[in-house]
Amino acid sequence: MDKLAIVVPCYNEEEVLKIASQALREVLGDLAGKGKISEESFILFVDDGSRDRTWELIEEEHAAYPDRVCGVKLAGNVGHQFALTAGLLTAKDMCDVTVSIDADLQDDVAVIEEMIDKFHAGCDIVYGVRRERKTDTFFKRTTAQAFYKLMSLMGVKTVYNHADFRLMSKRAVEEFSRYKETNLFLRGMMPLLGYQTDSVYYDRRERVAGESKYPLKKMLALAFNGISSFSVKPITLILGLGAFIIVMSFLAAVYALISYCTGHVVPGWTSLILSIWFLGGLQLLAIGLVGQYIGKIYIEVKGRPRYNIEKVLAGGGDEEKEAEEA
Ligand code: UDP
Ligand code: MG
């Protein structure tokens, strides 16, 4: 029977912690009762350096339900993506499958069962996808949608309307742990792992209590990080722009020469305007070219695994081995 760990990053969540704990314990009890997961399944709360009573509440829950509720306390606030990573990497040695979910219960805990079913059907990653964004404000909805569009324009593979509510098998988390990069954008990394994936759909609700821990500033930072961690396309755009302006400078040259010959110009204008166009284009082209190398250095520095071997058939021919190293 597979042991499930539900990983919950928490930052100043004293208002929702007990409610979340209760709801998730009920889900675990229910799934274990149906024989879909092991009785030893548990919740792992990650306290992301909260300044309120979050950690004390986690301790209380652990004392009351020692088998069901576990906790990890981070020494300081490192942000949602790192807190979640810390939780997943801690949980992977204690379980067979993980589900990550926010503490505020905006994501529907009822679809965890469907995730587990898909896991048993052979999926290593199951994305929780929001059906609609009715409960989000107009502003959050439009900015978020613009963000997903921009991401795909930049060539970054993401799952539309999926945040970090996700099932990952142990081997998926282990593969993920080989990605050593510090600029984390988890939902962009999961599609890189390969493996069979699927989605489950749900309606996102209002926060049960408390306020969003993702103000506009953090959202913009996440969006910028998402693009800059996965795409060197902006640099290529600069290179393209440089080339375009150089071409334009030749057109400008023709125009300037015609004006010069027809005598409608102030002395000195022709050489000035040509220099401005040509040198401007040349500079952009040069910056773009240097940028191409920097982009490559950036990709090399990340040291991402180049491939993920899922199975090897070797020896007698029917022996299946799971490869560890790539
Ligand atoms: N969170 C965290 N560290 C932070 C900010 C947020 O661990 O620095 C957690 C937070 O406790 C919650 C999840 O990340 O469980 C998502 O945050 P929130 O619900 O406030 O974001 P929103 O749903 O408003 O985008
Ligand atoms: Mg939330």
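Can you put 152, 228, 41 in order of accessible area, largest first, using a 1.4 Å probe? All intermediate terms of the calculation are to be shown ahead of the outcome.
Details: 152 75, 228 40, 41 0 Å².
Sorted descending by solvent-accessible area, the residues read 152, 228, 41.
Proximity of backbone amide H atoms, modeled 1.01 Å from N, is registered between residue 41 and 4 at under 5 Å, excluding neighbours fewer than 5 places apart on the same chain. Using heavy atoms of the protein chains and a probe of 1.4 Å, the accessible area assigned to residue 62 is about 80 Å². Near residue 213, which aspartates and glutamates are there with a Cα under 18 Å away, not counting those fewer than 8 places off in the same chain? Correct list for residue 213: 13, 14, 15, 47, 48, 52, 102, 104, 107, 136, 164. Please name which of 154, 173, 191 has its Cα lying farthest along the dipole of region 102-194 towards the positive end, using unit charges on Cβ (Lys, Arg +1; Asp, Glu -1) and the Cα centre as origin. Final value for the positive-end residue is 154.
Sort region 174-227 into rounded, prolate or oblate with this rule: let a ≥ b ≥ c be the square roots of the eigenvalues of the Cα gyration tensor; rounded if a/c is under 1.5, and if a/c is not under 1.5, prolate when a/b is larger than b/c, oblate otherwise. Here region 174-227 falls in the oblate category. Remark on residue 200: its backbone amide H falls under 5 Å from those of 127, 128, 129, a criterion applied only to residues 5 or more positions apart or on other chains, H modelled at 1.01 Å from N.
Rolling a 1.4 Å probe across the protein heavy atoms gives region 1-75 an accessible surface of 43 Å² per residue.
Partner lysines whose Cα lies under 16 Å from the Cα of residue 157, excluding those fewer than 8 positions away in the same chain, are identified as 149, 233.
Using C-alpha pairs under 8 Å with a sequence gap of at least 6, the mean separation divided by the residue count of region 103-246 gives a relative contact order of 39 percent.
For the pair residue 283 and residue 220, label points projected 7 Å from Cα toward Cβ lie 2.6 nm apart.
In this Cβ point-charge picture (+1 for Lys and Arg, -1 for Asp and Glu), the chain has a dipole of about 1760 debye about its Cα centre. Summarising the amide proton neighbourhood of residue 7: residues at separation of 5 or more, or on other chains, whose placed amide H is nearer than 5 Å comprise 44, 99, 100, 101. Equivalent-ellipsoid semi-axes for region 1-156 (Cα gyration tensor, √(5λ), whole Å, largest first): 26, 21, 15.
Counting Lys +1, Arg +1, Asp -1, Glu -1, what net charge surrounds residue 48 among other residues with beta carbon under 10 Å of its beta carbon?
Values: positive: 73, 213; negative: 13, 47.
Here the charged neighbours net out to 0.
Summarised as an ellipsoid, region 196-326 has semi-axes of 53, 27, 13 Å, derived from the eigenvalues of the Cα gyration tensor scaled by 5 and square-rooted, with the largest first. Antiparallel beta bridges, as assigned by DSSP with both residues in the chain, represent about 35 percent of the total such bridges.
Length available on full extension from residue 160 to residue 233: 0.36 nm per residue minus the Cα-Cα distance, which gives 24.3 nm.
Taking R0 as 25 Å, what's the FRET efficiency between residue 311 and residue 180 from their Cβ-Cβ distance, rounded to 0.05? Walk me through the numbers on the way to the answer.
Numbers: r = 24 Å, r/R0 = 0.98.
Computed FRET efficiency for residue 311 and residue 180 comes out at 0.55.
For residue 282, the accessible surface of its heavy atoms amounts to roughly 70 Å² (probe 1.4 Å, protein chains only, rounded to the nearest 10). Maximal additional length on extending the residue 255-residue 51 stretch stands at 66.9 nm, based on 0.36 nm per residue less the C-alpha distance.
Here is the size of the chain from its Cα atoms: Rg then Dmax, 26.0, 92 Å.
3J(HN,Hα) along region 158-167: 9, 8, 4, 6, 10, 9, 10, 8, 7, 9 Hz, from the Karplus curve 6.51 cos²θ - 1.76 cosθ + 1.60 with θ = phi - 60°, whole Hz, x for Gly and Pro.
Ignoring lysines fewer than eight residues from residue 34 along the same chain, the ones with Cα atoms less than 29 angstrom from its Cα are 3, 18, 92, 118, 170. In the calculated pair-distance distribution of region 268-312, the portion above 14 angstrom amounts to 69 percent of the Cα-Cα pairs. Over the residues of the chain, the helix contribution to mean residue ellipticity at 222 nm works out to -15500 deg cm²/dmol, using -39500 (n - 2.57) for each DSSP H run of at least 4. Distance between the 7 Å Cα→Cβ label points at residue 276 and residue 212: 4.3 nm. If you take the Cα centroid of region 1-32 and the Cα centroid of region 224-263, the two points sit 54 Å apart. In this view, the solvent-accessible surface of residue 201, computed with a 1.4 Å probe and all protein chains in place, comes to about 120 Å². Screening the chain for DSSP H helices whose Cα atoms reach 27 Å or more along their own axis and whose mean Kyte hydropathy is at least 0.0 gives 233-262, 269-302.
The values are calculated or read from the model by the stated rules, or taken from the named source; none is laboratory data. Keep in mind it's a predicted model, so treat the numbers as computed, not measured. No Cβ is skipped: glycine too gets one built from the backbone with ideal geometry, and neighbour counts run over all protein chains shown. Side chains are part of the model used for accessible areas, which takes the heavy atoms of the whole protein and leaves out ligands, DNA and RNA. Shrake-Rupley method; radii C 1.70, N 1.55, O 1.52, S 1.80 Å.
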